[in-house]
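This report concerns only the one structure given below.
The values are calculated or read from the model by the stated rules, or taken from the named source; none is laboratory data. Every value quoted in this text rests on a predicted model; they were computed, and no experiment measured them. Note that we place each Cβ from the backbone using ideal geometry, even for glycine, and neighbour counts take in every protein chain shown.
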Amino acid sequence: MNRRLLSLIAASAIVIAACSGAAASPALTDPRLILANTTTSLQNLKSVHFKVAISGSINSAALTGGSSNTSPAPDASAANLDLSGTTLEGDVDVTDSSGQVAVNVPALLALSANVIEVGGIAYIKTSLSGPQYSKLDTSALTGALPLPSLGLGGSPGPAEASAIISAVQAELAKLPAPTKLADETVNGQDCYHVQEKVASSDIPEASGLLGGASGTLTVDLWTQKSDLRPSRVVILIDAASLGNISVTVDLTNYDAALTIAAPPPDQVSNQPFSIPGFTP
C-alpha cells in the first residue's frame, strides 16, 4: 500500500479518536448539581424561543374572594375556569432587550393577543380591542406595580446576573431533595430529567399565593446534556379547592440571531394601552 495513503489513514484515525474523546464528558448523576448547572447555563443567554401550553382549571370565585369560611361554597361547575388550549409562543432577545409573543386564551372570550416589546415600549393588539396596536410604557408599568425592581428594563450585567443566579441556587437548596429520573430525548436533545415535589408547607410564601389553601407543586425539568440549558419545564399545581393547573414550557433556538421590530406606524393607534388601576 502507498506509504502516503497509510500515513493519511493513520492521521485520520488519530483525529477521529481525539474528537471522540473530546466529545465525551462525565454524565451527571446528582440532581442538585444538574439544577445548579442548569441555572448557571443561562447566565450568558442571548436569545431563546419559548412555547407555553397551559391546561387544567381554577376556581375563579375562590381566587377573587368569592368564597370564605362564613359564606356558602360557590357552585363549582359555575366557578371553574377551564384553561385548556391556553398558549403563549414567542421569542426573547436578551441582548437587545426586546421580545414578541402571541397569546391565546379560549376560556376568556376566545381572547388572542400579540405583544411586541422594543425599546421599553410594548405594542399590544388583542382580539377584543381591534386590528391596531396600542402602546404601553413597560417601565412605567413595572414602576407602578407593588413589586421590587427586577431589572426588567434591560439585560443585567455580569455581576448582577451572577447575583441573581446565586440567589436562585440558594433558594433551590432550601427545597426538598430533587429526584433524578431516566434520561430522555426532548425537542431533539438528549436530556437529563430531574423532578422536584414541594408541598405548600415547605414554602411558607406559597400559602398566600394559594389563597390560604394547602397544595402541592411538582416541577419536572429536562436539561440538555450538550450545554446544560433547559429544554422543557413542566409545572403541575394541585391547589385542592382552588383547582389544578399544568404548565409546559419548551425552550428552543438558543442564542439565534433575532430581528424584533416595532409594528409599522400605520398599524399603531394614537390611544395608549391602559389597564385601570395598574397603568398611570
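Here residue 160 qualifies as modelled with pLDDT under 80 and of a type in the set (D, E, K, R). Just one of (1) hydrophobic (A, V, I, L, M, F, W, C); (2) modelled with pLDDT under 85; (3) loosely packed, with under 13 Cβ neighbours inside 10 Å fails for residue 172. It is (3).
Of the residues making up region 102-118, those that are farther than 18 Å from residue 55 by Cβ and among the β-branched types (Val, Ile, Thr) number 3. Evaluate the following for residue 234: is it buried (at least 19 other Cβ atoms within 10 Å of the Cβ), at pLDDT 95 or above and at negative phi? Against the criterion (buried (at least 19 other Cβ atoms within 10 Å of the Cβ), at pLDDT 95 or above and at negative phi), residue 234 does not qualify. Restricting region 254-273 to residues that are part of a loop (DSSP other than H, G, I, E, B) and surrounded by 13 or more Cβ atoms within 10 Å (Cβ to Cβ), which is modelled with the lowest pLDDT? Once the filter is applied, the top-ranked residue is 273.
When residues in region 11-44 are screened for being in contact with a Lys or Arg (Cβ under 9 Å, 6 or more places away or on another chain) and either modelled with pLDDT under 50 or charged (D, E, K, R) (or both), 1 of them pass.
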